[in-house]
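The values are calculated or read from the model by the stated rules, or taken from the named source; none is laboratory data. Computed from a prediction, not measured in an experiment: that's the story for all the values here. Remember, those area values only see protein heavy atoms, side chains included, never the ligands or the DNA or RNA. Shrake-Rupley method; radii C 1.70, N 1.55, O 1.52, S 1.80 Å.
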Amino acid sequence: MSMKSSDIERLQSAVATSLREHWTLFLIEGIVLVILGMAAIIIPPIATLAVEIILGWLFFISGIVGLVMTFMMRHAPGFWWSLFSAVLAIAAGAVLIGWPVSGALSLTLILIAFFILEGIATIMYALDHKRELSGRWGLLLASGIVDLALAAIIFAGLPGTAAWAIGLLVGINMLFGGAALIGLALHARHATA
C-alpha cells in the first residue's frame, strides 16, 4: 500500500507542528545528551563499565520476568524455548554484572551494529525531512555519517579497543546526537516566531 501525496504532506505537517510545539523538550534533551556525551568522552573506561553493568541488569531483570511468565504459561506452546531464553538472559545478565570487563568485546560488536543501524536511520530521516528542517537537516545527516564512521573505526581496532571503545563511542554519539537535537530545537523555535 503506497502513500498518497496528500498523506505524505499531512505527515510532514504533523512532524513540523510537533517540532514547533515541543522545541523546548528537544532542546533540553539535546543539552543533557551533550553533557553526558562529554562525560563519557572524558572517562571512557568508566562509561564502558557503566554501559555493561546497566545492560547486565537489563538482561538479568528481563530474564527473571521471562522466567516467571514462562512458568505462569507453562502449558502454552514453546515452553522449553521460552525457558531457555529466560535462563540465557539471566545468565548473560549475571556475567555482565559480575564480570563486566569480560563482556566488552561482545558488547562492542553489538555497539558497532547499533551505530550502523542508527547511522542509516538518521541519514534516512534527514533526507526524508529535508524540506521541514530547512538548513538544519545537515546536522542530522552529519550525525548519521559520524555514526557510520565510528562503527568503521571501532571495528578496525578490535579487539584492543574494546576496553574503552563503548564508553568513548557512546559519548561521541551522544555529543553529536545532542548537538543535532539542539540545532533542531533552535530551528523549530525560530519557525514559531
Q) What percent do you get for the relative contact order of the stretch 63-193 when only Cα pairs under 8 Å and 6+ apart count? A) 23 percent
Q.
If I stretch the segment between ALA163 and ARG74 completely, what's the gain in nm (0.36 nm per residue apart, minus their alpha carbon distance), one decimal?
A. 28.0 nm
Q.
Give me the percent of accessible area attributable to carbon and sulfur for the chain, probe 1.4 angstrom.
A. 77 percent
Q) Alpha carbon centre of the stretch 127-193 versus the stretch 4-69: separation in Å? A) 13 Å
Q) When only the heavy atoms of the protein chains count and the probe is 1.4 Å, how do ARG74, ARG136 rank by accessible area, highest first? A) ARG74, ARG136
Q) Relative contact order (percent) for the stretch 10-91, with alpha-carbon contacts under 8 angstrom and 6 or more residues of separation? A) 26 percent
**Q.** Accessible area in the full protein assembly, largest first, 1.4 Å probe, for HIS22, HIS187, HIS75
**A.** HIS75, HIS22, HIS187
Q: Normalise the Debye intensity by I(0) for the stretch 99-193, one equal point scatterer per Cα, no solvent, then take log10 at q = 0.21, 0.23, 0.25 Å⁻¹ and round to two decimals.
A: -0.94, -1.05, -1.18
Q) Once Rg/Rh (Cα atoms, Kirkwood Rh) is worked out from the coordinates, which option in (i) 1.08; (ii) 0.96; (iii) 0.93 does it equal? A) (i)
**Q.** the chain - accessible surface per residue (Å², probe 1.4 Å)
**A.** 59 Å²
